[in-house]
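The structure appears below as structure tokens.
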Amino acid sequence: MNQNLDSQKKVFRLITIPISHYCEKARWALEKLKLPYIEKRHTPPFHLLATGRVGGKTTPVLVTTAGVFTDSTTILKYLNSIAPANAKLYPTDSNLCQQVEELEDLFDEQLGPATRRWGYFHVMNDYQFMQKRWCQGVPFYERILFPLAFPITSSMARQKLNITPEATAQAYETINNIFAKVSELLVDGRTFLVGNSFSAADLTFAALAAPVVLPPQHPSKPSPLQELPPNMAAEINAFRETPAGAYVLRLYRDR
């Protein structure tokens, strides 16, 4: 049997934090390629127990018979290696592939941290909101222990992710700058960011921009804007009205 087809018949295990947009990136790739997987969701800090057992640290982690992949981009690279020729996430043309990888790096290294910091700044103090988002689909004992763990976990997250007013203001500017870059790419009416087909660049941008656009079709079932802090809702509306924001909404509708 063809090795690629044989790999696709195996059920993968994806370890996630439910709200994580990097986990969403890996989840979307698996679904796009129609690869069977079981998602194992965990709330911080319990996710460290799950990832540590297989040699990972944070999420996402993809466990396969071919190995354990501990980063969203390495997960996409592996999935691309077993995808059929008509469903690749990275173009076979070397120039186009380089463009995709450069955009993916930009989104991974700058957009992802910025949207995460921006989002947590607005909601981290809302215990009920965080409980709902961090505990979606996690084991029962993690939901029970969440009230005890949250004060410590949220404090650690603020320090690790540098969730301060000053850093969040910088993150907001980073998001605006990257949205402007993507909007400029889209001004010529192209359907996808690179080439003529959906790629890792499109997937990564949509997944990592989702926290500031909140597509209604997102699997985390985002809260209606009226339930969010007014400043946060206003900024989300503004992001949605940009060509880049509209592009994210379209990709989620098409998904």
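What follows draws every value from the coordinates through simple rules; no lab data is involved. Small disclaimer: the values here were computed from a predicted structure and weren't measured. Note: ideal-geometry Cβ built from the backbone for every residue, glycine included; neighbour counts use all protein chains shown.
Show me the GluC sites (Glu not before Pro) within segment 202-255 that DSSP assigns to loop and that have at most 16 other Cβ atoms within 10 Å of their Cβ. Please list the in-between numbers first.
On the way: sites: 227, 235, 241; in loops: 241.
Here the GluC sites (Glu not before Pro) that fit, given the DSSP loop and packing criteria, are 241.
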Checklist outcome for this item: Taking every other residue with Cβ under 12 Å from the Cβ of residue 186 and scoring Lys and Arg +1, Asp and Glu -1, one gets 0
Item to check | Diffusion coefficient, µm² s⁻¹, Stokes-Einstein with Kirkwood Rh over alpha-carbon pairs of segment 157-217 at 10 °C and 1.306 mPa s | outcome: 118
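Kindly state, as a whole number, the per residue volume in cubic angstrom of the convex hull around the alpha carbon atoms of the chain. The partial results should precede the final answer.
Details: hull volume 31.2 nm³, N = 255.
It is 122 Å³ per residue.
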Next on the checklist: Between residue 127 and residue 80, what is 0.36 nm times their sequence separation minus the Cα-Cα distance? Round to one decimal in nm.
Outcome noted: 13.1 nm
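In terms of the ratio Rg/(2.2 N^0.38 Å) built on C-alpha atoms, what value belongs to segment 134-255?
Working: Rg = 16.9 Å, N = 122, 2.2 N^0.38 = 13.7 Å.
After normalising by residue count via 2.2 N^0.38 Å, the value is 1.24.
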Checklist outcome for this item: Over 25 Å (Cα to Cα) among 40/132; 57/132; 77/132 -> 77/132
Checklist outcome for this item: The answer for residue 61, listing residues at least 5 apart or on another chain whose modeled amide H is closer than 5 Å to its amide H, is 15
Checklist entry - If Lys and Arg each add +1 and Asp and Glu each add -1, what is the summed charge of the other residues whose beta carbon sits under 14 Å from the beta carbon of residue 29? => result 0
Checklist outcome for this item: Cα extents of segment 95-142 per principal axis, largest first, Å, are 48, 25, 10
Next on the checklist: Which residue, 136, 238, 198, has the largest displacement toward the positive end of the dipole of segment 135-239 when charges sit on each Cβ (Lys, Arg +1; Asp, Glu -1)?
Outcome noted: 136
Item to check | Most positive-pole-ward Cα, 96, 150, 106, against dipole of segment 81-178 from beta carbon charges | outcome: 150
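Under the Kirkwood approximation applied to all pairs of distinct alpha-carbon atoms, what is the hydrodynamic radius of segment 108-174 in Å? Can you show the working numbers first?
Working: mean 1/r = 0.0783 Å⁻¹.
Result for segment 108-174, one decimal place: 12.8 Å.
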